[in-house]
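*Asks:* Okay, here's the structure, questions in a sec.
The values are calculated or read from the model by the stated rules, or taken from the named source; none is laboratory data. Everything numeric here is computed off the predicted structure, so don't read it as measured data. Cβ: placed from backbone, ideal geometry, glycine included. Neighbour counts: every protein chain shown.
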Amino acid sequence: MSTKPASSRKSSVGKVHLPPKAFAAKARIGSMAAYERLYRESIKRPTDFWAREAKDLQWRKPWTKTLVWKAPFAKWFVGGKLNVCENCVDRHAEGPRRNKAAILWEGEPGDRRTLTYGQLHREVCRFANALEAAGVRSGDRVLIYMPMVPEAAIAMLACARIGAVHNVVFGGFAADAIADRLEDSGATTVVTADGGWRRGKVVALKPAVDEALRRYKHVKRVIVLRRCGNPVDMRAKRDTWWHDATAAVSARHTARAFDSEHPLFMLYTSGSTGKPKGILHTSGGYLTGTHATCKYVFDLRDEDVYWCTADVGWITGHSYIVYGPLAIGATQVMYEGAPNFPDFGRFWKIIEDHGVSVFYTAPTAIRAFIRAGDHFPAAADLSSLRLLGSVGEPINPEAWNWYHRHIGGGRCPIVDTWWQTETGAVMIAPIPGATPLKPGSAARPFFGIDAAVLDDAGRECPPDQEGRLVIRKPWPSMARTIHGDPARFKKTYWSDYPGLYTAGDGARRDKDGDFRIIGRLDDVLNVSGHRLGTAEIESALVAHPAVAEAAVIGRPDDIKGQAVAAFVTLKTGVGETSALKEELRRHVAGVIGAIARPDDLVFAPGLPKTRSGKIMRRLLKELITTGSISGNITTLEDFTVIDTLRERIGGEPTP
């Protein structure tokens with residue numbers, strides 16, 4: 001394997017890595033001059049740019065107007081009709097890609113399957129027919145709670161095919177989280193599995209659905225995939241095995257055309273008010289955005305083998321496992337299990353075995369790989385790789401450099417991507433054949449994305465000054481609303497600066513125009529690339545009969561980016577025991593999911609509050625991060641609270 005590094009030069013931010021000449025020569029965008037020319041056009045005439053990109057898709061009826069914009073509500077490709085599934089499956093299955101591999105799947109125990117586009121088409125048609133036979137119609141909501149198996153993508157595509165709106169719930173979430181999403185979405189159908197494999201053990205899924213359905217009574221049918229063979233209860237008339245449902249129907253199905261603004265899916269993301277938000281995405285604009293970013297950011301080609309390591313339960317899995325890569329006709333890897341099973345060599349063995357050329361993962365995973373040791377990637381042949389990607393949170397320069405050197409052999413560009421559930425597709429990222437790469441920087445906005453960093457007064461910040469990241473123009477893949485709550489959508493994302501989308505992230509832009517994302521500005525944690533609302537975790541803690549009050553903050557963590565730290569005040573007469581501490585941690589995992597389990601739990605006789613009763617989480621974060629308080633505490637109601645908490649976490653006395 002060649003380890004010759006790409007060309008590089010020095011700058012004020014350190015080493016700048018220039019695109020390898022061989023990569024740039026074959027790339028769709030092969031120079032900064034080409035990027036800047038196209039970017040200028042996309043900002044000056046955004047509707048012309050996006051109309052041209054949308055024509056890459058297959059439309060049943062052309063649109064009459066590219067954009068109708070009444071901030072904050074957008075309609076793209078108005079009057080146009082298409083079928084999202086047809087664009088992702090049928091047009092490839094009916095053409096020269098029919099026998100091309102669409103999905104190369106590997107289960108954690110080592111079992112493997114390959115689905116060509118032709119085979120994927122048949123399976124999607126079967127499940128679309130099975131859904132319709134079960135009474136699912138256009139506009140109905142379908143909750144999908146699955147392991148990382150091809151059937152998860154098949155279920156999503158089948159919903160898109162018949163116009164049903166899917167709501168995928170991450171398989172690590174617990175029954176209460178499922179019930180919350182069922183109630184908010186009004187779903188009538190659930191698609192799940194008996195279980196999935198994770199670190200050598202079966203994670204049971206159907207029992208969590210059964211528990212959720214004891215609270216939410218409006219689900220008429222549950223379709224269950226047999227994956228692991230673990231025993232499950234099947235309720236007569238409501239529950240059906242996947243293999244039985246699909247055996248009784250045809251492998252042919254005619255896709256209907258739907259309006260460009262027809263709802264495609266809703267995906268719940270945590271918010272600072274405790275209630276998860278059902279982010280609604282529609283069809284034509286979303287698919288245009290994911291297709292365009294796969295084309296330019298990942299530079300995906302017919303000969304590539306692409307692998308995004310995300311779960312389909314998150315937006316990354318929606319946009320860059322199911323819809324974007326399949327719309328462009330890619331071959332991609334899907335893997336069911338953990339990156340460290342049976343050891344930390346698993347990912348590198350998969351890359352070697354399948355000849356992966358484009359690899360997209362999270363900084364959390366990269367930091368875990370660094371801790372595990374360089375010998376794991378060194379033992380595999382990674383010479384097939386030509387492009388690396390990063391997603392989920394800002395990547396620190398140390399992790400970027402390790403990723404570049406040990407995984408990319410010094411020759412692979414890294415596309416560090418910034419985007420969100422709400423944006424639908426990548427917003428800021430390098431263009432790999434053009435952009436000089438600075439470790440830790442997400443580089444430039446994608447075509448058509450007018451990004452800026454503003455101060456509190458709404459003025460654009462000078463170079464290297466931190467401010468609020470905003471988007472000033474609408475884009476096709478943007479969320480259309482929060483399900484059932486357009487007022488909350490407007491208040492949450494569009495109220496800080498009228499007419500501008502506020503991402504909730506801090507950022508700064510250097511003199512070259514490159515963005516560096518600082519992190520969240522609100523009460524949302526980013527744990528291993530997964531967004532969790534502090535209020536949601538606090539609500540789970542307070543729901544325990546022993547807890548009177550709770551405050552949750554994030555602390556820096558070398559592996560996960562942020563770890564969950566909880567300060568808990570117990571009810572009078574309840575003893576502070578280590579057993580209770582573990583019980584509370586398990587309780588949070590049971591209510592929300594293991595990803596939300598507090599890493600630190602500190603019993604607090606009192607919490608730092610202002611005289612108006614507001615908990616000063618800023619002080620808690622500083623205390624658990626540094627062990628002391630250096631900021632202004634004059635507004636505190638009770639100064640002794642800080643010293644008590646400091647003693648409990650072993651910090652330094654407050655000056």
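*Asks:* What are the residues in region 486-503 that are under 24 Å from the mean Cα position of the chain (by Cα) and in contact (Cβ under 8 Å) with a residue 60 or more places away in the chain, if any?
*Replies:* Across region 486-503, the qualifying residues are PRO486, ARG488, PHE489, LYS490, THR492, TYR493, TRP494, TYR501, ALA503.
*Asks:* Within region 209-307, which strands (runs of 3 or more DSSP E) (wholly inside it) include 3 or more residues that are closer than 18 Å to ALA160 by Cα and in contact with a helix residue (DSSP H, G or I) (Cβ under 9 Å, 6 or more places away or on another chain)?
*Replies:* The strands (runs of 3 or more DSSP E) meeting that bar are 263-269, 277-282.
*Asks:* Please specify each residue of region 58-91 satisfying the condition of being crowded, with 20+ Cβ neighbours inside 10 Å, closer than 22 Å to TYR117 by Cα and not charged (D, E, K, R).
*Replies:* Across region 58-91, the qualifying residues are LEU82, ASN83, VAL84, CYS85, ASN87, CYS88, VAL89.
*Asks:* Tally the residues that are within 17 Å of ARG113 (Cβ to Cβ), assigned to a helix (DSSP H, G or I) and not aliphatic (A, V, I, L, M), restricting the search to region 335-357.
*Replies:* 2
*Asks:* Which ones in region 395-411 are crowded, with 21+ Cβ neighbours inside 10 Å, touching a residue at least 40 places away in the same chain (Cβ under 8 Å) and not aliphatic (A, V, I, L, M)?
*Replies:* Result: TRP400, HIS404.
*Asks:* Same structure again: Which residue is nearest to GLN58 (Cα to Cα), if the candidates are limited to region 89-119 and must be polar (S, T, N, Q) and part of a strand (DSSP E or B)?
*Replies:* THR116
*Asks:* Identify, please: which residue in region 512-544 is in a helix (DSSP H, G or I) and touching a residue at least 24 places away in the same chain (Cβ under 8 Å) and is, among those, nearest to ASP558 (Cα to Cα)?
*Replies:* THR534
*Asks:* Same structure, new question: In region 414-440, what residues are among the small types (Gly, Ala, Ser), at pLDDT 95 or above and under 21 Å from the mean Cα position of the chain (by Cα)?
*Replies:* Those that are among the small types (Gly, Ala, Ser), at pLDDT 95 or above and under 21 Å from the mean Cα position of the chain (by Cα): GLY424, ALA425, ALA429.
*Asks:* Residues in region 227-255 that are closer than 25 Å to GLY317 by Cα and loosely packed, with under 15 Cβ neighbours inside 10 Å: how many?
*Replies:* 1
*Asks:* Only residues that are under 24 Å from TYR35 (Cβ atoms) and among the basic types (Lys, Arg): list them for region 448-472, please.
*Replies:* ARG472, the sole residue that qualifies.
*Asks:* Shifting gears a bit: Any chance you could count how many residues in region 442-492 are touching a helix residue (DSSP H, G or I) at 6+ places or on another chain (Cβ under 9 Å), over 13 Å from PRO72 (Cα atoms) and not in a loop (DSSP other than H, G, I, E, B)?
*Replies:* 1
*Asks:* Looking only at region 387-413, which residues are under 15 Å from VAL356 (Cβ atoms) and in contact with a Gly (Cβ under 9 Å, 6 or more places away or on another chain)?
*Replies:* LEU387, LEU388
*Asks:* Same structure again: Scan region 553-567 for residues that are buried (at least 20 other Cβ atoms within 10 Å of the Cβ), without any contact (Cβ under 8 Å) to a residue 60 or more places away in the chain and out of contact with any Gly (no Cβ under 8 Å at 6 or more places or on another chain) and jot them down.
*Replies:* Residue satisfying the conditions is ALA566 alone.
*Asks:* Let me ask another. Would you be able to tell me the number of residues in region 462-484 that are buried (at least 16 other Cβ atoms within 10 Å of the Cβ) and either aliphatic (A, V, I, L, M) or modelled with pLDDT of 95 or more (or both)?
*Replies:* Looking only at that region, the number is 14.
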